[in-house]
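Visitor: Take a look at the following structure, please.
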Amino acid sequence: MLPIVQGGMGIGVSAHRLAGTVARLGAVGTISSVDLRRHHKDLMEQTAKHRDKELINAVNLIALDREIKAAQVIADGNGMVAVNIMRAVAEYAASVRQACESGANAVVVGAGLPLDLPELTAGYPDVALIPILSDTRGISLVIKKWMRKNRLPDAIVIENPHSAGGHLGAMSLDTIQDPHFAFPTVLEGTLELFKQLGIEREKIPLIVAGGVHSHEQMRDLLALGASAVQLGTPFAVTEEGDAHLNFKKVLTEARPEDIVTFMSVAGLPARAVCTPWLANYLEKEVKLQLKATPKQCTVGFDCLHQCGLRDGNAKAGQFCIDTQLAFALNGDIKRGLFFRGSEVLPFGSEIRSVQDLISYFMTGVRPEMVAVPA
């Protein structure tokens, strides 16, 4: 297995085409489980004009099943096909069970502590369980809890909120830069934790994520004790990425000053490109938060356990994240929310293949672009 993991990116940015291709090349490809019906015309026709929560949740499980099976066909027995499921989503447990039933090789859980993941997957001992955590304290809590259930994580993703895209593993905006999230600090602390608990270092691979963008950086992180790196934005902008071409252009053409952090409706900090919708929202954010009151879910299926807009939580974001991310998936530059990490991309503004990206990270050599005949 190559020491490269493709991060899960929703809505629909990492679906079967991207995840399957990454796995086929010997790495770990990851499908994001959130609202995958948006990749399936027949499922959207059933639900687009309805606010039937049970129906929307049911078709999303059908979509997840389709995506996993399609990715496994592309992978053709190579690498691993994982499913990323946010602990913060309302259908977390149902999505975990569906991922296992549909043949995912691994379940990856972030945006919360997956303390109950061993119980949810008890009938599927061959499915790898991989929590996403940001500091040694969180890692210690999960490992000790799981050890009481006679289970260890099959790997741990250590995500540094300093440079990552999308939802960030920090409690607030002013803690994103906290030095206790630094890779050397967390790797050293985790390896010391393993010693204290009598866990062999090789037993639980450590995968570092958040702003990884070069071969040299990957080499240095592996030398610090990491077993692999996870890449999000670099994979999102590949030719095989499942989002619209406009989505990829927004991410590749973004300048450092275009990338902002803000509070998501999920109650977590998030990082994205400041496109027209986000700029307009941020101008009004304070006023919207002051007027926050509980209301019905905009799209009718209550995708999050806690939603700032629905619950009237003035400390969280005040917008429908499902709607804005769906606009981005479909390439609507004016109305979409475009999550992105803060670092430069390996190929700058070029949109290259998964093969090129993996080759670069493994060798340090940027493959030449293949000219397309006129």
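The values are calculated or read from the model by the stated rules, or taken from the named source; none is laboratory data. Given the structure is predicted, the values throughout are model-derived calculations rather than measurements. As a convention, Cβ positions derive from the backbone with ideal geometry for all residues, glycine included, and neighbour counts pool all protein chains shown.
Visitor: Quick check, is Ala155 out of contact with any helix residue (DSSP H, G or I) (no Cβ under 7 Å at 6 or more places or on another chain) and under 22 Å from Thr233 (Cβ atoms)? Explain how you work it out, then say what you get.
Guide: Details: out of contact with any helix residue (DSSP H, G or I) (no Cβ under 7 Å at 6 or more places or on another chain): yes; under 22 Å from Thr233 (Cβ atoms): yes.
For Ala155, the condition - out of contact with any helix residue (DSSP H, G or I) (no Cβ under 7 Å at 6 or more places or on another chain) and under 22 Å from Thr233 (Cβ atoms) - is met.
Visitor: Right, another one. From Leu357, Leu337, Leu304, Leu251, which residue is modelled with pLDDT of 95 or more, of a type outside the set (Phe, Trp, Tyr), farther than 30 Å from Arg219 by Cβ and surrounded by 22 or more Cβ atoms within 10 Å (Cβ to Cβ)? Spell out how you get there, then give the answer.
Guide: Values: Leu357 fails: farther than 30 Å from Arg219 by Cβ; Leu304 fails: modelled with pLDDT of 95 or more; Leu251 fails: farther than 30 Å from Arg219 by Cβ.
Being modelled with pLDDT of 95 or more, of a type outside the set (Phe, Trp, Tyr), farther than 30 Å from Arg219 by Cβ and surrounded by 22 or more Cβ atoms within 10 Å (Cβ to Cβ) holds for just one of Leu357, Leu337, Leu304, Leu251, which is Leu337.
Visitor: Can I ask one more? Restricting to segment 1-12, give me the number of residues that are within 17 Å of Val89 (Cα to Cα) and of a type in the set (A, V, I, L, M, F, W, C).
Guide: Going residue by residue through segment 1-12, those that are within 17 Å of Val89 (Cα to Cα) are 8-12.
Retained after the next criterion (residues that are of a type in the set (A, V, I, L, M, F, W, C)): 9, 11.
Count: 2.
Visitor: For segment 180-194, enumerate the residues that are more than 23 Å from the chain's Cα centre (by Cα) and either closer than 14 Å to Ser134 by Cβ or aliphatic (A, V, I, L, M) (or both).
Guide: In the first step, residues of segment 180-194 are kept if they are more than 23 Å from the chain's Cα centre (by Cα); the result is 188-189, 191-194.
Passing the criteria: Gly189, Leu191, Leu193.
Visitor: Sticking with this structure for a sec: Quick one: would you say Asp126 is outside the structural domain of Arg271 (by TED's automatic domain parsing), farther than 25 Å from Ile199 by Cβ, surrounded by fewer than 17 Cβ atoms within 10 Å (Cβ to Cβ) and not hydrophobic (A, V, I, L, M, F, W, C)? Walk me through it before giving the result.
Guide: On the way: outside the structural domain of Arg271 (by TED's automatic domain parsing): yes; farther than 25 Å from Ile199 by Cβ: no; surrounded by fewer than 17 Cβ atoms within 10 Å (Cβ to Cβ): yes; not hydrophobic (A, V, I, L, M, F, W, C): yes.
So Asp126 does not fit the description; no.
Visitor: Kindly indicate whether any position in segment 63-86 is under 25 Å from Glu239 (Cα atoms), buried (at least 20 other Cβ atoms within 10 Å of the Cβ), in the same structural domain as Ile158 (by TED's automatic domain parsing) and among the basic types (Lys, Arg).
Guide: Scanning segment 63-86, I find no residue that is under 25 Å from Glu239 (Cα atoms), buried (at least 20 other Cβ atoms within 10 Å of the Cβ), in the same structural domain as Ile158 (by TED's automatic domain parsing) and among the basic types (Lys, Arg), so the answer is no.
Visitor: Considering only residues that are more than 14 Å from Arg137 (Cβ to Cβ), of a type in the set (A, V, I, L, M, F, W, C) and in contact (Cβ under 8 Å) with a residue 40 or more places away in the chain, which ones fall in segment 176-196?
Guide: Across segment 176-196, the qualifying residues are Ile176, Phe183.
Visitor: Then there is this: Can you list residue pairs whose Cβ atoms sit under 6 Å apart, with the first residue in segment 295-309 being closer than 12 Å to Thr323 by Cα and the second being assigned to a loop (DSSP other than H, G, I, E, B) and modelled with pLDDT of 85 or more? Count only pairs 6 or more apart in sequence or on different chains.
Guide: Thr298/Cys320
Visitor: Which residues, taken from segment 10-20, are under 25 Å from Ile156 (Cβ atoms) and part of a helix (DSSP H, G or I)?
Guide: Result: Leu18, Ala19, Gly20.
Visitor: Which residues, taken from segment 156-185, are crowded, with 23+ Cβ neighbours inside 10 Å, in contact with a Pro (Cβ under 6 Å, 6 or more places away or on another chain) and among the small types (Gly, Ala, Ser)?
Guide: Gly169
Visitor: Determine which member of the set Arg17, Arg87, Arg51 is of a type in the set (Lys, Arg) and more than 23 Å from Ala209 (Cα to Cα).
Guide: Numbers: Arg17 fails: more than 23 Å from Ala209 (Cα to Cα); Arg87 fails: more than 23 Å from Ala209 (Cα to Cα).
Only one candidate qualifies: Arg51.
Visitor: Are any residues in segment 140-174 touching a residue at least 40 places away in the same chain (Cβ under 8 Å), closer than 19 Å to Val208 by Cβ and assigned to a helix (DSSP H, G or I), and if so, which ones?
Guide: Answer for segment 140-174, where residues must be touching a residue at least 40 places away in the same chain (Cβ under 8 Å), closer than 19 Å to Val208 by Cβ and assigned to a helix (DSSP H, G or I): Ser140, Ile143.
Visitor: Report every pair of residues separated by at least 6 positions or lying on different chains whose Cβ atoms are under 9 Å apart, first residue within segment 77-100 and more than 16 Å from Glu67 (Cα to Cα), second of a type in the set (Phe, Trp, Tyr).
Guide: Listed by first residue and then by second, the contacts come to Met86/Tyr92; Ala90/Phe301; Glu91/Phe301.
Visitor: Return the pair list, or none, for Cβ contacts closer than 6 Å from residues in segment 339-358 that are among the polar types (S, T, N, Q) to residues that are in a strand (DSSP E or B), at least 6 apart or on different chains.
Guide: Within 6 Å, the pairs are Ser342/Ile259.
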